[in-house]
Structure formats: C-alpha cells, structure tokens
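Since the structure comes first, as structure tokens, the remarks are kept for the end.
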Amino acid sequence: MMKIKIETPVFSTEDENKILNSLENFFNIKFRKKGNKLVGETQNIEVLSFLKQKIDDAKIKNTILYLIDKSKVGSNSKIKLNKQTFMIGKIHFIEEDYPLGDITIEFDDVEKVVKYLT
C-alpha cells in the first residue's frame, strides 16, 4: 500500500488554525500537530487531485518530473511547496528552503505518483 505524508512546520508568528484549515481543505485529509509541525498521512493518492489539476493548468509536467526525480531515493521521493504562496491559494514548487518552511509531500511509490500527476 502506498503512503503519502504531508507536513509543514508552524512557527509562533503564524496562525496555526489558518494553516491547518488551508491544508485540510486543499488535501482533504486530517492533519495533527506533531511537535512544531502539522502532519497528514494517507494511502489515498486522490489527496493530490487538486495538485494534479494545478500541474495540468500550468502545463508544468516536466518540472514535476524533474523535482520528483531529483529527490528520488529508491522508490521514495518528495516535492515541496512554498508555504507562503500556498496560504494565498497559489501553488509554487520549490527546490530551496525558505525561512518559514515549506510544505513537504513525501511518498513511497514514485511510479504511481508520477503516473497520477502526469
């Protein structure tokens, strides 16, 4: 069974409830507080459906393939979203780290995710 884990750090200067609501609305799964992070886990690839739509709309399949391949370790990989742009409803994939952290989407079946997203 495939596993998808989505997490982001939450800092004291941020509105945790606002971040939590945005994550749960976007990915349609429940998140829990784990240390200073919000974490959501699922086996349902459909949590990436809105992301898939954004990738299709922006015609950035090659970018996603590059980012997934760059982070690939065995059958595991991850992609990262800029948290600040995410909070205003936009999707921006990133390679570098940002001061307020990012939203990391980790998965253990690269082939299945690539097939789904592209």
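The values are calculated or read from the model by the stated rules, or taken from the named source; none is laboratory data. Quantities reported herein were computed from a predicted structural model and do not represent experimental measurements. We place every Cβ from the backbone using ideal geometry, glycine too, and count neighbours over all the protein chains shown.
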- [ ] Tell me, yes or no, whether the stretch 82-92 has at least one residue that is surrounded by 18 or more Cβ atoms within 10 Å (Cβ to Cβ), touching an Asp or Glu at 6+ places or on another chain (Cβ under 7 Å) and within 19 Å of LEU117 (Cα to Cα).
- [x] yes
Task: Selection within the stretch 39-58 - loosely packed, with under 14 Cβ neighbours inside 10 Å and among the acidic types (Asp, Glu) - done: GLU46, ASP56, ASP57
Open item on the list: Can you go through LYS61, LYS18 and tell me which one is of a type in the set (D, E, K, R) and either in contact (Cβ under 8 Å) with a residue 60 or more places away in the chain or surrounded by fewer than 12 Cβ atoms within 10 Å (Cβ to Cβ) (or both)?
Closed with: LYS18
Open item on the list: Between LYS78, LYS72, LYS54, which is modelled with pLDDT under 95 and of a type in the set (D, E, K, R)?
Closed with: LYS54
TODO: Hand me the list of strands (runs of 3 or more DSSP E) wholly inside the stretch 1-104 holding 3 or more residues that are under 13 Å from the mean Cα position of the chain (by Cα) and not polar (S, T, N, Q).
DONE: 4-9, 37-42, 77-82
